[in-house]
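*Asks:* The following block contains the structure, expressed as structure tokens.
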Amino acid sequence: DLGGVGAHSYNELRIRNFDVERFEAALNKVIARHDMLRAIFTDDGQQQVLAEVPAYKIAIHDISDQGPEAQERALNANRNRLSHQVFDAGQWPLFGFEVTQLGDTLCHLHMSLDALILDAASTSIFLYELNRFYADPALELPEVGVSFRDYVLAEQEFRKSESYRADLDYWLSHYDDMPAGTQLPLVRTPESLKAPEFVRREKVMSRDEWTALKQVANEQQVTPS
């Protein structure tokens with residue numbers, strides 16, 4: 001019911017004296033190192049790593065000749081376009097980098113990463129290596145040595161083991177006793193949302209508020225999350 005939304009992260013950095021060509025070279029080094037950055041997904045759900053991909057080019061939007069209000073409108077337009085884009089999983093790349101140039105020394109770097117190819121841990125590795133290659137273009141890092149394909153094959157092989165079968169039998173034997181999903185009251189039905197969007201929200205709570213929230217959650221037999 002809440003489909004049609006890409007599970008991806010969008011981040012934006014405001015940077016001074018940003019060398020786009022240097023960053024682009026660093027990005028292409030990381031793409032060459034990690035196979036999942038060259039991955040696409042076929043119609044039957046299989047992952048396919050492309051042996052070679054063209055050099056990734058970062059799109060640059062130069063609005064340095066516009067006034068502050070026009071620049072803000074252009075930035076918002078780029079955010080709206082990029083922050084909720086849905087990548088075509090069958091087409092490379094499943095990530096996007098663009099730059100909005102605001103002046104001679106100031107720009108915004110827009111970054112979109114699809115969760116089909118990167119989770120939180122691998123995103124940290126990706127950004128760490130990207131930063132290191134940008135800081136030192138001559139840097140050479142050790143070969144990764146293991147691919148995601150290796151992991152998939154190992155996981156498939158593990159499914160043949162006695163340990164896996166024992167674990168599976170355990171959970172199947174408890175299936176009927178497991179609680180159903182929590183049915184929380186909703187403001188509206190999910191299918192009534194025509195263009196769903198995901199938003200990250202933050203709130204700092206006092207100790208008293210947190211204690212009260214945990215109490216309410218306990219009364220409803222749900223976790224605070």
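The values are calculated or read from the model by the stated rules, or taken from the named source; none is laboratory data. As the structure is a prediction and not an experimental result, all values here were calculated from the model. Here Cβ is always computed from backbone atoms with ideal geometry, including for glycine, and neighbour counts include all displayed protein chains. When the accessible area is computed, the model is the full protein with side chains, heavy atoms only, and any ligands, DNA or RNA have been set aside. Shrake-Rupley method; radii C 1.70, N 1.55, O 1.52, S 1.80 Å.
*Asks:* Is it true that some residue in region 204-214 is open to solvent by 100 Å² or more (accessible area, probe 1.4 Å) and within 29 Å of GLY4 (Cα to Cα)?
*Replies:* The answer is no, given that none of the residues of region 204-214 is open to solvent by 100 Å² or more (accessible area, probe 1.4 Å) and within 29 Å of GLY4 (Cα to Cα).
To keep it simple, each residue is scored yes or no on (1) assigned to a strand (DSSP E or B); (2) over 16 Å from the mean Cα position of the chain (by Cα).
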position	(1), (2)
ASN11	yes, no
LEU37	no, no
HIS61	yes, yes
SER64	no, yes
ASN78	no, yes
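*Asks:* Does LEU116 fit the bill of being over 17 Å from the mean Cα position of the chain (by Cα), within 25 Å of GLY45 (Cα to Cα) and open to solvent by 50 Å² or more (accessible area, probe 1.4 Å)? Lay out the reasoning, then the answer.
*Replies:* Values: over 17 Å from the mean Cα position of the chain (by Cα): no; within 25 Å of GLY45 (Cα to Cα): yes; open to solvent by 50 Å² or more (accessible area, probe 1.4 Å): yes.
No: the conditions fail for LEU116.
*Asks:* Another question, if that's okay. Which numbered condition in (1) in contact (Cβ under 8 Å) with a residue 24 or more places away in the chain; (2) open to solvent by less than 100 Å² (accessible area, probe 1.4 Å) is the only one that THR223 fails?
*Replies:* Looking at each condition in turn, THR223 falls short on (1).
*Asks:* I've got another one for you. Collect the residues in region 144-169 that are open to solvent by 80 Å² or more (accessible area, probe 1.4 Å) and in contact (Cβ under 8 Å) with a residue 60 or more places away in the chain, keeping them in residue-number order.
*Replies:* Listed by number, the list holds a single entry, ARG149.
*Asks:* For PHE133, all conditions in the list (1) in contact with a helix residue (DSSP H, G or I) (Cβ under 9 Å, 6 or more places away or on another chain); (2) closer than 29 Å to GLN46 by Cβ; (3) open to solvent by less than 30 Å² (accessible area, probe 1.4 Å) hold save one; what is the number of the exception?
*Replies:* The one condition PHE133 does not meet is (2).
*Asks:* Residues to consider are GLU21, GLU98; find the one that is over 19 Å from the mean Cα position of the chain (by Cα) and under 30 Å from ASP136 (Cα atoms). Write out each step before concluding.
*Replies:* Working: GLU98 fails: over 19 Å from the mean Cα position of the chain (by Cα).
After applying the criteria, what remains is GLU21.
*Asks:* Restricting the search to region 58-108, which residues are open to solvent by 30 Å² or more (accessible area, probe 1.4 Å), closer than 30 Å to GLN47 by Cβ and of a type in the set (Val, Ile, Thr)?
*Replies:* VAL86
*Asks:* Now for a separate question. Is at least one residue of region 16-23 modelled with pLDDT of 95 or more, polar (S, T, N, Q), out of contact with any Pro (no Cβ under 9 Å at 6 or more places or on another chain) and at positive phi?
*Replies:* Taking region 16-23 and keeping what is modelled with pLDDT of 95 or more, we get 16-23.
Restricting the remaining residues to those that are polar (S, T, N, Q) gives 17.
Of the ones still in play, those that are also out of contact with any Pro (no Cβ under 9 Å at 6 or more places or on another chain) are 17.
Still in the list and also at positive phi: 17.
Checked against the condition, which is being modelled with pLDDT of 95 or more, polar (S, T, N, Q), out of contact with any Pro (no Cβ under 9 Å at 6 or more places or on another chain) and at positive phi, region 16-23 yields at least one hit.
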